[in-house]
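Accompanying notes for the structure given below.
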Amino acid sequence: MSDRPVAATSTQPTAMESGATGEVPRRIFISYKREVEPDEQIALQIFQTLNQHHQVFIDQTMTVGTRWAEQIETD
């Protein structure tokens, strides 16, 4: 197992995003293999698109061994 850091990024939908379109915001988790192309590039593009109307969690800086479920729930 590697001790290299990995990242976690999440965002909360804004008031406009959560109601203006009539769309119900969803909580989405994106899992991908870091530092591998095209995986990382595609995952980030999906994150940017979905993040416009949903609460999206994507791992980019979490330390190996972090309790994923707990981290996702707090973000």
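Throughout, read-outs are computed from the coordinates displayed, never taken from laboratory work. Everything quoted here is computed from the prediction, not taken from an experiment. Virtual Cβ from ideal backbone geometry, glycine too; neighbours counted across all protein chains shown.
Taking other C-beta atoms within 10 angstrom as a stand-in for reagent exposure, I58, I46 fall in the order I46, I58, fewest first. Given R0 = 22 Å, the distance between the Cβ atoms of V64 and L44 translates into a calculated FRET efficiency of 0.60.
Fewest-first ordering of T49, T66, T74 by other beta carbons within 10 Å of each residue's beta carbon gives T74, T49, T66.
The order of F29, F57, going from fewest to most other C-beta atoms within 10 Å of their C-beta, is F29, F57.
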